[in-house]
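The values are calculated or read from the model by the stated rules, or taken from the named source; none is laboratory data. For clarity, every value in this text was computed on a predicted model and none was experimentally measured. Glycine gets a Cβ as well: all are built from the backbone with ideal geometry, and neighbour counts include every protein chain shown. Calculation scope for accessible area: heavy atoms of the full protein, side chains included, ligands and nucleic acids excluded. Shrake-Rupley method; radii C 1.70, N 1.55, O 1.52, S 1.80 Å.
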Amino acid sequence: MDASQKNIELPELIPVLPIRNTVLFPNTAVPLIVGRTKSIKTVRQAQKMGDLLLVITQKDPSKEKPQVEDLFSVGVVCLISKITHLEKESLQIVANGLFRFQITELVEQEGYLAAKGFQLPDITSTHTERVEAIATEIRQLGKTILTLSGAPGADALIKLLNQIEDPAQVADLGCTFIHLNTASKQKLLEISDLEERLNTLLSEMIREKEKVMLQNEIQNKMMDRLSKDQREQLLREQLKTISEELGDETKTTDGTAKKIEEAGFPDDVLKIALEELKRLNSIPKASPEHHVIRTYLDWLLAVPWSKNSGTPSEAIDLKKAREILEAEHFGIEKVKKRILQFLAVTKLKKDMKGPILCLAGPPGVGKTSIAQSMAKALGRNFVRISFGGVRDEAEIRGHRRTYIGAMPGRIIQAMKRAQVKDPLILLDEIDKLGNDFRGDPSSALLEVLDPEQNHTFVDHYLDVPYDLSSAFFVTTANMVETIPPALRDRLEIIEMSSYSKLEKMEIAKRHLIPKVIADHGISSNTLSITDEALGHLIEAYTREAGVRSLTRSLAHICRGAAEQLAGENPPLQIRVTPNDVETILGPQKLFPEVVETEVKPGIVTGLAWTAVGGEILQIEVARMEGKGGLILTGQLGDVMKESAQIALSLLRSQLGKSADFKFDQSDFHIHVPAGAIPKDGPSAGTSIFLALASLIQNKSVKSQLALTGEITLRGNVLPVGGIKEKVIAAHRAGVTTVLLPEKNVGDLKDVSDEVKSCMTFHLIGDIAQVLNLSGLEGFGFVPKAIPVSAPGQDARPPLAN
């Protein structure tokens, strides 16, 4: 094969040296490290052939043993000018690129690769002046790039560029010092047309120049910033030394020191604040620690330390407080009386450390609004904190400053929002606190709600004692039972029971309707709702203890009225009747609970309490042939199942030896509809007992009678809770006679006269009285001795009407 341009005679098969991550160009000398066994054999073979070899780039640099298909088809024939032996049997060679070579065939020899092919000559166009101009531009760009980059050996390359005149050599040299990926450099190598190669290289060098200039600009900015920070740090160190010599401290320019002096910090907090300020002044602003300290000082200054609401305890106006409570809340006299008593004690004893009030009751009965009224009566700022779903102790105590994004807990955040140290803080939904691996929030609240401890409450973020004793805490809950015992022990529970129909109507007329009408932009003279429509709305569309659903339904009616008023022919006045309610809200959704009109043995009406008010329970009992078993259905809880077992055991103990009824030959099935609703509690014991007794005697109990109470194996009736709600439910269902445990007589005071006037109440102390008042006799139960206040007069008469 002839290579006359270089005066070199090429062998028929030239050894091939694969290289990785670089491309060798003609007219350049490049040092190469040869370490692979096959590559070393290639160099040894080249020495036998006049130090000639073909350098080709691998397509995939990760392959240690490249095959024929792993190599590009165009390489550079090189002359080895120097070989140096390195450690671990490696070689370093200096390869001088001679010319491009096109491979036509690759042949596997003994331990190395060899190639057949031909030289690729440079195709020169007739536009020599154009080629010279492009080469001159590349030469200038190359010198600029090398000068800006400051790469090692840049001066020697610039000198070489000045000496080269051949455009082909300029192109080959330019390809070596610009930063291109392997594929792009290989593309330049394979271009035979000189003008095309120069144009491609020129485009790449223009991009390279812009990139180098941008990198230099970024680097200069960083150096300027670094120099500025170093200068600031040096000046701060000098200023610190001067301040120490003068016995003075550096002052910030934003007035932080003055704010700290005027914040009213306690002495120990003031000392810590000044120390943190001193640290802040000695740290550069670019330091992350500077931001942490700055944020900490901002929080210290944002929390009120000495500012009060301006209303001292002795200035509490009980008359005004009573007027506020009466104006904003209808009914709930017991709750309002307890709040006024608390305010009276607060007025007499300034530093009172009394119990924390807990307003407990069903949703929508006005717990939050009562707390707002208390704040207004006390003249204090009101802040609400919701604890529903809180599971992390850090939500109460805050996060330590070592964590990124740390911040104080909800208590300190509430104090910041209040802007005074004596606000009324409502801890809402305290019964819904959770706990997990992050801690127990209820345990953290123990310190907050304990008057003996909360004057030194320590938030993890602030890490200084904060006095919470001036704050007035009120909590709310739906279920007292789910509040942790240790926390419940610190609370004074004020029960807020459900509203009756009359109470809801008064609340709607006094508060809800005017507010909802105003919220919808309707004049009170334009829209009116009749009492019949309001009563129908309460009974047929809302069944709840509070008034939230009622408020939503009233808003729905107002939207319907607004649609009419905004139409083409608006009416002058809209009067909502029961028919209009059904037109706007749709068909009746709820039907009143009524007692069974058809009486049968084994069916008794019981009373139950739920979180949304009272309910009636239709206890059903069936008897089958069996072996004395008991079947319970209706999603009954464990306590209710035990009540059913006690009732059956009580009857068996009394009638077990009777020849008239064989318990060992009968099974009883007790069912309490509705089956989809879970039920539990001991208050259904009397009603289950009466249903069993009715079935055994095959006598019906009148449907207008309902009862509640827990029973014992001795036949005694024990008191239960939720009497007001149960009585209201009985009244709603049409019950006229109610049997209540005698020890619940005091609870009837909470029932409105409207309800009591329609019903008859009997107090029961044992099962014998239950049977007598229900018309069932013959079981042999002996009533308890009844104490008398005078001869012949029952000291415990039934409460008629």
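The table below gives the values:
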quantity: Helices (runs of 4 or more DSSP H) lying entirely in region 373-476 (those with 3 or more residues that are within 21 Å of Ile493 (Cα to Cα)); calculated: 441-448
quantity: Pairs where the first residue, in region 189-200, is within 16 Å of Val76 (Cβ to Cβ) and free of Cβ contacts under 8 Å to residues at least 40 places away in the same chain and the second is open to solvent by 30 Å² or more (accessible area, probe 1.4 Å) and in a helix (DSSP H, G or I), C-beta under 9 Å, 6+ apart; calculated: Ile191/Thr200
quantity: Enumeration of residues in region 751-765 that are part of a helix (DSSP H, G or I) and either open to solvent by 40 Å² or more (accessible area, probe 1.4 Å) or in contact with a Phe, Trp or Tyr (Cβ under 9 Å, 6 or more places away or on another chain) (or both); calculated: Asp753, Glu754, Lys756
quantity: Given (1) over 26 Å from Val727 (Cα atoms); (2) at pLDDT 85 or above; (3) not in a helix (DSSP H, G or I), index of the condition Phe661 fails; calculated: (2)
quantity: Complete set of residues in region 627-648 that are of a type outside the set (A, V, I, L, M, F, W, C) and at negative phi; calculated: Lys627, Gly629, Thr633, Gly637, Asp638, Lys641, Glu642, Ser643, Gln645
quantity: Only one of Ala171, Ala156 that is at pLDDT below 85, in a helix (DSSP H, G or I) and within 25 Å of Arg20 (Cα to Cα); calculated: Ala171
quantity: Ile191, sole failed condition from (1) at pLDDT 85 or above; (2) surrounded by fewer than 16 Cβ atoms within 10 Å (Cβ to Cβ); calculated: (2)
quantity: Residue satisfying condition, being surrounded by 14 or more Cβ atoms within 10 Å (Cβ to Cβ) and either in contact (Cβ under 8 Å) with a residue 60 or more places away in the chain or on the phi > 0 side of the Ramachandran plot (or both), within set Glu582, Glu503; calculated: Glu503
quantity: Qualifying residue in region 83-91 (condition: under 15 Å from Leu10 (Cα atoms) and of a type outside the set (Lys, Arg)); calculated: no
quantity: Tabulated pairs, region 590-610, first open to solvent by less than 40 Å² (accessible area, probe 1.4 Å) and among the polar types (S, T, N, Q), second at pLDDT below 80 and part of a loop (DSSP other than H, G, I, E, B), C-beta under 7 angstrom, 6+ apart or interchain; calculated: Thr605/Val595; Thr605/Ser703
quantity: Which numbered condition Ala135 misses (of (1) farther than 17 Å from Ile191 by Cβ; (2) at pLDDT below 85); calculated: (1)
quantity: Subset of region 389-410 that is touching a residue at least 24 places away in the same chain (Cβ under 8 Å) and exposed (fewer than 14 other Cβ atoms within 10 Å of the Cβ) - its residue that is nearest to Leu427 (Cα to Cα); calculated: Gly389
